[in-house]
Structure formats: structure tokens, C-alpha cells
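The values are calculated or read from the model by the stated rules, or taken from the named source; none is laboratory data. Note that this is a predicted model, so its numbers are computed, not measured. For neighbour counting, all protein chains shown are included, and Cβ atoms are generated from backbone atoms with ideal geometry for every residue, glycine included. SASA here: full protein model, heavy atoms, side chains in, ligands and nucleic acids out. Shrake-Rupley method; radii C 1.70, N 1.55, O 1.52, S 1.80 Å.
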Amino acid sequence: PIVVTAQDGATTQTYNLTITRNPSAPAHLTSLHMGSDHSPLSPAFVQTATSYTTTVPYGVATTTITPTTRDTSATVTVDGIPVASESASAPIPLNVGVNVVSIVVTAQNGIATQTYTLTITRKVSDNAYLKYIHLGADHSP
């Protein structure tokens, strides 16, 4: 409490001062990394860009994404699943072709959000080898 005493020395007034800090509002990433074996993000990560693309070989059936938030009190989800900042997501299955992954950062205030989109293209197989061949019983040698 703050006590103010008048000039007469006897009269006082007490004040209570409450200071409330507003929750943080930044909802941004400072970095975004994928598991190994992919082409570089395009464009290279910058805080002002929110859409990225990359390519993975056919042999990569899953990947992880590691987002890092600018504000440690912000929360982040990868495809709707909560992920701690600077931690890898659960493995994300990749279909052959285009896969779109959403990364959403929510500020501590629960209001400000920023969505990042990562488009991952998994290449088609280049394997043209025959695994086996079966000829029916009616074939001639």
C-alpha cells in the first residue's frame, strides 16, 4: 500500500496499486527444421515468410518438423498436434506427391496467431525393376 500523509501530520490516505502485465503477443517462429534427407526449404527460412516448400525422395515415408518460437511462452501445433518449441514433432506420414503441413503459433495472450504452411513433395519411385514374375501352369517352356 501507498500511504499519503497530509501536512497536518494526522490525516492519511491509503492507496493500493495493482500492476498487471499484459500477456505476450508475438506469434512467430525463429526457425523451422525438418528431419534429415530433404532438399532445403524454399525460400530459406526468414521470419517474415509463412509459406515454404521442400522435396523428399521416394524412400522417405515420414518426416518430423521442429519449430522454434520467438517467444518461449507461445504455443505451437504441427498439423493440429501440440509440439514444444525446439522439439521435433511426431513422425508425419508422407504420401507420394504433395503433402501440406500447417504449423500454427499462438501467442501467450491466446489471441494472436500465425500460420506457416510447409508443402512437402515426396517424389515418385524411380524403381523400374521387376520384383517377381509368375507364369501360370498353362505356359510353354
task: Select from the stretch 54-90 the residues that are surrounded by 15 or more Cβ atoms within 10 Å (Cβ to Cβ) and among the acidic types (Asp, Glu) and write down the one among them that is farthest from residue 29 (Cα to Cα).
output: 79
- prompt: So residue 13 fits all but one of (1) farther than 30 Å from residue 98 by Cα; (2) outside any strand (DSSP E or B); (3) open to solvent by 90 Å² or more (accessible area, probe 1.4 Å); what number is the exception?
  reply: (2)
message: Restricting to the stretch 106-122, count the residues that are open to solvent by 60 Å² or more (accessible area, probe 1.4 Å) and either modelled with pLDDT of 95 or more or hydroxyl-bearing (Ser, Thr, Tyr) (or both).
response: 2
- prompt: On the given criteria, is residue 4 open to solvent by less than 80 Å² (accessible area, probe 1.4 Å) and either touching an Asp or Glu at 6+ places or on another chain (Cβ under 9 Å) or farther than 29 Å from residue 128 by Cα (or both)?
  reply: yes
query: Does residue 22 fit the bill of being assigned to a loop (DSSP other than H, G, I, E, B) and modelled with pLDDT of 95 or more?
result: no
- prompt: Residues 39, 102, 51, 24: which one is under 13 Å from the mean Cα position of the chain (by Cα), small (Gly, Ala, Ser) and open to solvent by less than 60 Å² (accessible area, probe 1.4 Å)?
  reply: 102
statement: Checked pairs for the stretch 79-105, first farther than 11 Å from residue 34 by Cα, second among the aromatic types (Phe, Trp, Tyr) and surrounded by 14 or more Cβ atoms within 10 Å (Cβ to Cβ), C-beta under 8 Å and 6 or more apart or across chains, list as 102/116; 103/116; 104/116; 105/116
